[in-house]
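A quick write-up on the structure given underneath.
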Amino acid sequence: MPQLSVVVPVFNERDNIPPLLAEIAAALRGKVDYEVVYVDDDSSDDSRAVLDAQKAQHPELRVLHHVTRSGQSTAVWNGVRAARGTWIATLDGDGQNDPADIPKLLAARDAAAPEVKLFAGWRTTRRDSFNKRISSKIANAVRSRMLRDATPDTGCGLKLFEREVFLRLPYFDHMHRYLPALVKRAGFQSTSVPVGHRPRTAGVSKYGMLDRLWVGLADLRGVAWLMRRGKVTRVEEL
């Protein structure tokens, strides 16, 4: 069984698939037993065919396909459910996260206390458009104020977490943006690790500024309710 499962959700990213898989292999092959689980969210391009072809070069690759388009959170959820590794690393499929940062997250895990179950990438230098940077800055400020999750960047797709803990979290659409708060609600801790960020070189972004802001505000109210209702009690067997 692999020690690590790298879960990558994709929608219409056919040109980013081969180079990202090559970078994952360069970062992990020979250093850790791993698998790569790509989840194709019913792409309308030939991403699925490209993934199938890549299996010949990457024996670690597994491919899941959504029969209907379901969104990024569902793709991550299904990828984690299918994964065999004890720990999960997630990457966005657009190539803006650098797989070379995964060993940095693994090193942070090895040096951390046992109660830390989430290591979230922190994009200290964003390589996005002005509108995306502004919308992300506003969203992070509002989220941090409401949820008090002490996390500067929850939108980074590069994360490392324990599979068992993730599957205990409440599932809902867009949950991937609130993992630090949800992990805290479950009684565990998270930490942010500075990572690189790269400009998109192929394909187009699937999110707009208004999409992020309006959907994010609705989700925030729901997550805030979950945080208020959450309760963790230590149990001792006598």
Are there any pairs, at least 6 apart or on different chains, whose C-beta atoms fall under 6 Å, with the first in the range 104-119 and surrounded by 10 or more Cβ atoms within 10 Å (Cβ to Cβ) and the second assigned to a helix (DSSP H, G or I) and small (Gly, Ala, Ser), and if so, which? 119/108
Of all residues in the range 15-29 being within 13 Å of residue 50 (Cα to Cα) and either touching a residue at least 40 places away in the same chain (Cβ under 8 Å) or touching a Cys at 6+ places or on another chain (Cβ under 7 Å) (or both), the one that is surrounded by the fewest Cβ atoms within 10 Å (Cβ to Cβ): 19
Among (1) within 27 Å of residue 172 (Cβ to Cβ); (2) surrounded by fewer than 17 Cβ atoms within 10 Å (Cβ to Cβ); (3) among the acidic types (Asp, Glu) - the single one residue 46 does not satisfy: (1)
What are the pairs with Cβ atoms under 6 angstrom where one residue, in the range 168-192, is charged (D, E, K, R) and buried (at least 18 other Cβ atoms within 10 Å of the Cβ) and the other, located anywhere, is assigned to a loop (DSSP other than H, G, I, E, B) and modelled with pLDDT of 90 or more? Sequence gap at least six, or different chains. none
The condition of being modelled with pLDDT under 95 and either charged (D, E, K, R) or in contact with a Leu (Cβ under 6 Å, 6 or more places away or on another chain) (or both) holds, among 95, 71, 85, only for 95
Output yes when any residue across the range 3-18 is closer than 22 Å to residue 163 by Cα, modelled with pLDDT of 95 or more and assigned to a loop (DSSP other than H, G, I, E, B), and no when none is. yes
In the range 62-104, anything part of a helix (DSSP H, G or I) and under 19 Å from residue 193 (Cβ atoms) is listed as 76, 99, 100, 101, 102, 103, 104
Qualifying residue in the range 51-68 (condition: under 21 Å from residue 121 (Cα atoms) and within 19 Å of the chain's Cα centre (by Cα)): no
For the range 193-206, how many residues are surrounded by 17 or more Cβ atoms within 10 Å (Cβ to Cβ) and either within 27 Å of residue 46 (Cα to Cα) or within 12 Å of the chain's Cα centre (by Cα) (or both)? 2
Given the criteria β-branched (Val, Ile, Thr), more than 11 Å from the chain's Cα centre (by Cα) and at pLDDT below 95, does residue 125 qualify? yes
Given the criteria over 17 Å from the mean Cα position of the chain (by Cα), over 23 Å from residue 87 (Cα atoms), assigned to a loop (DSSP other than H, G, I, E, B) and of a type in the set (Lys, Arg), does residue 48 qualify? no
Determine whether the range 131-139 contains at least one residue that is surrounded by fewer than 19 Cβ atoms within 10 Å (Cβ to Cβ), modelled with pLDDT under 95 and under 15 Å from the mean Cα position of the chain (by Cα). no
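The values are calculated or read from the model by the stated rules, or taken from the named source; none is laboratory data. Since the model is a prediction, treat every value here as computed from it, not as a measurement. FYI the Cβ positions are ideal-geometry reconstructions off the backbone, even for glycines, and counts take in every protein chain you see.
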